[in-house]
């Protein structure tokens, strides 16, 4: 799957019309994505995120949740402290 829209740094929409909110600590990785980047969406076992977008070429992954959901400030703060 490729990127359909990535107008906001923290939201990405894929060709299948799924939209994902990127975990704040992973935003830097997403800035290197190209429109041609191929992704795999995978469920993950993570404290804060439900899925990962995995770059099929490099294997790098970005943790995400559904774009309609939001991360709690407490979650972000806790991850930065640990």
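Per-structure values
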quantity	calculated
Residue 57-residue 36 pseudo-label distance in nm [points 7 Å out on the Cα-to-Cβ vector]	0.6
Overall form of the stretch 1-45 per C-alpha gyration tensor (a/c, 1.5; a/b vs b/c)	rounded
The chain: Cα Rg divided by the 2.2 N^0.38 Å rule of thumb	1.03
The stretch 37-82 shape via C-alpha gyration tensor axes, a/c threshold 1.5	prolate
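None of the figures in this text is laboratory data; all of them are computed from the coordinates on show. Every value quoted in this text rests on a predicted model; they were computed, and no experiment measured them. Note that we place each Cβ from the backbone using ideal geometry, even for glycine, and neighbour counts take in every protein chain shown.
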